[in-house]
1. Would you confirm, using the coordinates I've provided, whether Tyr123 is part of a helix (DSSP H, G or I) and under 21 Å from Asp58 (Cα atoms)?
2. Going by what's in this entry, would Val79 be described as surrounded by 12 or more Cβ atoms within 10 Å (Cβ to Cβ), without any contact (Cβ under 8 Å) to a residue 60 or more places away in the chain and of a type in the set (A, V, I, L, M, F, W, C)?
3. Of all the residues that make up the range 23-76, how many are in contact with a Phe, Trp or Tyr (Cβ under 7 Å, 6 or more places away or on another chain), within 21 Å of Met158 (Cα to Cα) and loosely packed, with under 13 Cβ neighbours inside 10 Å?
4. Which one is nearest to Pro176 (Cα to Cα) among residues in the range 29-44 that are over 15 Å from the mean Cα position of the chain (by Cα) and outside any loop (DSSP other than H, G, I, E, B)?
5. All but one of (1) at pLDDT below 95; (2) assigned to a helix (DSSP H, G or I); (3) of a type in the set (S, T, N, Q) hold for Thr71, so report the exception by its number.
6. Kindly provide the set of residues from the range 166-195 that are free of Cβ contacts under 8 Å to residues at least 12 places away in the same chain and of a type in the set (Phe, Trp, Tyr), ordered by number.
7. Condition first: more than 19 Å from Ala97 (Cα to Cα) and either touching a strand residue (DSSP E or B) at 6+ places or on another chain (Cβ under 7 Å) or among the basic types (Lys, Arg) (or both). Can you find one or more residues in the range 47-61 that meet it?
8. Among all residue pairs at least 6 apart or on different chains, which show Cβ distances below 9 Å where the first residue, located in the range 1-22, is under 26 Å from Phe39 (Cβ atoms) and the second is exposed (fewer than 13 other Cβ atoms within 10 Å of the Cβ) and modelled with pLDDT under 95?
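The values are calculated or read from the model by the stated rules, or taken from the named source; none is laboratory data. All figures in this text were calculated on a predicted structure; none of them were measured in a lab. We place every Cβ from the backbone using ideal geometry, glycine too, and count neighbours over all the protein chains shown.
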Amino acid sequence: MNKELLVQALTKYLAGLAAVALLLFLSAGTLKYWNGWLFLGILFVPMLVLGVFLLMKDPELLQKRLQTKETEPEQKRIVLLSGVMFLAGFILCGLNARFSWLVMPKWTAVFSAAVFLAGYALYARVMRENEYLSRTVEVQTGQKVVDTGLYGVVRHPMYLATLLLFLSTPLVLGSPLSFLIFLIYPWILVKRIQNEEQVLEEQLEGYREYKKKVRYKLIPLIW
């Protein structure tokens, strides 16, 4: 086992858990925020399971997933905007719980949690299909176009998974107000995909032909 990779992954995992928990429960003003506990469970338990699996079976892919430093200027701006969206959205979720501005029924949170887990399952499937999957926009040495499985349906199935994850998040947390903030994410995705495809066309052999073969970028029959 790669001990250095283990420490790196565990450090990021615990830091992420602590950051999200602090944002939610400090803004809520209480630990009795059941939506917050539900969200932490469905986000970090599968993340831990997936991380352990990758550490044991595919440490190289895990290393790629831990790399978050973008080199493209456009992507750096997109990442910054995403960070602001998450910060504002999580704080507003906690404040909504504290002051009961708009109270949603529990079944909405439970249903949204199911959608969130479906997005996680789709994300895991994408990771199995694409060994070049990275959190940054780049073309790796020896990278080839993946055009089978989910990649034969849409060109960016990973982003489809994140769309399910992020749009269901504020509803799991019981905040329709935060949902309005998270509606920024589809626009962020459009900008990211446009820039990413420009990079892939320029640097990845066969990507232009792949675009002709698979017409839809994100959602089948729509876009």
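1. Yes; evaluated as a whole, the condition is true for this residue.
2. yes
3. 0
4. The qualifying residue nearest to Pro176 (Cα to Cα) is Asn35.
5. (2)
6. Taking the range 166-195 as the starting set, the residues that turn out to be free of Cβ contacts under 8 Å to residues at least 12 places away in the same chain are 180, 187, 190, 194.
Answer for the range 166-195, where residues must be free of Cβ contacts under 8 Å to residues at least 12 places away in the same chain and of a type in the set (Phe, Trp, Tyr): just Trp187.
7. The answer is yes, given that some residue of the range 47-61 is more than 19 Å from Ala97 (Cα to Cα) and either touching a strand residue (DSSP E or B) at 6+ places or on another chain (Cβ under 7 Å) or among the basic types (Lys, Arg) (or both).
8. Going by the 9 Å Cβ cut-off, the qualifying pairs are Lys12/Thr68.
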